[in-house]
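Before any comments, here is the structure.
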Amino acid sequence: MLYVGLDLSRKRLDWQALEPGGAVAGVGAVPPDRDGLRLLARRLGDAGQPIKAVIESMTGARFVHDQLELAGWDVRIADAVKARGIAPLACKTDRIDCWVLAELARLELVPEIWLPDPSVRAERERARFRLHLVKHRSSLKNRIHAILFQHGIPNASSDLFGAGGRQLLERLALPEPWASTVRASLALIDTLDEQIDACEQKLRRLGADHRYVPLLCTVPGIGWVLAYTIAAELGDIDRFPSPRKLTGYTGLCPRVYQSGERDLRGPLAKQGPRYLRWALVEAATHACTPRCIATATSN
């Protein structure tokens, strides 16, 4: 068995291979693309030994994982924070990082994270991309509101970007370049509206057949968009052995500091998928609105 530590950066993938006794079997770097990974797999696979590799969780780690798994490797993705907690180092370089990860693999101490399958990854990408578009649209709307405030123009419309609000914006006599900024922002908002509508139609169609979305929609404060987001971020609910484990995964539980008789509770841990935390906080906020409370009471 060879144990390989992988350290990924934008332009290179550093690696170090260890033998079962801990001796260094090889050190090097390859480009982090398909050709580079194919070259690495061929170089270390010539010996005919099974290979266990570890890479820290980061952008691009899943691509490396998938490509090397296709080459027959056993690849684990390690929690970066926990890996540094197990092996803190005063001197940190890419080569040392590779050695640490290889050692964790050799000693069976890898703080491995759960890796969703391609279907769950696709669900997450759809939900996250919609949220990405919504954030851009909100940023543009806030910019237009700020321009009106800067020029002392009151907004009497309840919805500045509805039919009545658009008429108000068309009648404005703003100086340049603010007038051009408003026109360009409105055009971008219209384009984003079309893209968001298309995303939501696809999410609604796919969510109708999802095994979790209809159930989540019965919870006060959760609509179908939040339901799809929560379901995609959770993946398979059966992987959590208890509600306590699920709560810890969301990062919505407080930090705990215990030593002897001291038991201190700190702020939220904020670990795990941030999109899941956002969706759950949004659901809790909606559930606290008077309209949602009245609906839940009547039911």
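Before moving on, here are some points about what is shown:
- Electrostatic dipole magnitude of the chain [Cβ: Lys, Arg +1; Asp, Glu -1; Cα centre; debye, to 20]: 580 debye
- Between the stretch 236-277 and the stretch 54-113, the alpha-carbon center distance in angstrom: 23 Å
- Electrostatic dipole magnitude of the stretch 108-216 [Cβ: Lys, Arg +1; Asp, Glu -1; Cα centre; debye, to 20]: 220 debye
- Ligands, DNA and RNA left out, the 1.4 Å accessible surface of the stretch 1-105 is 52% carbon and sulfur atoms.
- Positive-end extreme of charge dipole, the stretch 1-142 - chosen from L2, C98, W114 (charges on Cβ): W114
- Accessible surface calculations at 1.4 Å, restricted to protein heavy atoms, place the stretch 142-299 at 65 Å² per residue.
- Shape analysis of the stretch 66-161 based on the Cα gyration tensor places the equivalent ellipsoid semi-axes at 48, 20, 10 Å, largest first.
- Applying the Karplus relation 6.51 cos²θ - 1.76 cosθ + 1.60 with θ = phi - 60° to the stretch 135-148 yields 3J(HN,Hα) values of 5, 5, 5, 5, 5, 5, 5, 5, 5, 5, 4, 5, 5, 4 Hz, where x marks Gly and Pro.
- Rounded to the nearest 5, the antiparallel percentage of DSSP beta bridges internal to the chain is 65%.
- Proximal charge balance of T93 [Cβ under 12 Å; K/R count +1, D/E count -1]: -2
- Rounded to 5, the percent of DSSP beta bridges in the stretch 1-108 classed as antiparallel: 55 percent
- Under 10 Å, Cβ to Cβ, from G22 - net charge with Lys/Arg +1 and Asp/Glu -1: -1
- Estimated distance in nm for a label pair at R34 and A173, the labels positioned 7 Å out from Cα along Cα-to-Cβ: 6.1 nm
- Selection from P177, L133, G72, by position along the positive dipole direction of the chain (Cβ): P177
- Whole-number accessible area per residue in Å² for the stretch 96-139, which is evaluated in the context of all protein chains at 1.4 Å: 51 Å²
- Computed over the chain, relative contact order equals 13 percent, with contacts defined as Cα pairs under 8 Å that lie 6+ residues apart.
- Residue list for the stretch 1-19, given a label point 7 angstrom along the Cα-to-Cβ vector of Q49 and an amide N cut-off under 13 Å: 1-5, 16-19
- In percent, rounded to a whole number, the relative contact order of the stretch 234-279 is 35, using alpha-carbon pairs under 8 Å and six or more apart.
- Theoretical FRET efficiency, 1/(1+(r/R0)^6), r = Cβ-Cβ of W278 and A71, R0 45 Å, to 0.05: 0.80
- Within the stretch 120-141, backbone nitrogen closer than 15 Å to the virtual label 7 Å beyond the Cα of F149 toward Cβ: 139-141
- Interatomic Cα distance distribution for the stretch 98-205, bins of 5 angstrom, percent: 2, 10, 15, 15, 11, 9, 8, 6, 6, 6, 4, 4, 3, 1, 0
- Given their separation in residues at 0.36 nm each and the Cα-Cα distance between them, W114 and T285 gain 58.7 nm when the chain is fully extended.
- Taking Lys and Arg as +1 and Asp and Glu as -1, the other residues whose beta-carbon sits under 12 Å from that of D33 total +4.
- For W278, solvent-accessible area (1.4 Å; no DNA, RNA or ligand), Å²: 80 Å²
- Calculated Rg/Rh (Cα atoms, Kirkwood Rh) (choose from (i) 0.97; (ii) 1.08; (iii) 0.99), label: (ii)
- Candidates P20, L44, P32 compared by Cα position along the dipole of the stretch 13-145: farthest toward the positive end lies P32, with charges placed on Cβ.
- Dipole magnitude of the stretch 215-296 about its Cα centre (Cβ charges: Lys, Arg +1; Asp, Glu -1), debye to nearest 20: 220 debye
- The stretch 2-47: relative contact order in percent, alpha carbon pairs under 8 Å with at least 6 residues between: 28 percent
The values are calculated or read from the model by the stated rules, or taken from the named source; none is laboratory data. Small disclaimer: the values here were computed from a predicted structure and weren't measured. Quick reminder, even Gly has a Cβ in these numbers, built from the backbone with ideal geometry, and neighbours come from all protein chains shown. Ligands, DNA and RNA are excluded from the accessible area calculation, which covers all protein heavy atoms including side chains. Shrake-Rupley method; radii C 1.70, N 1.55, O 1.52, S 1.80 Å.
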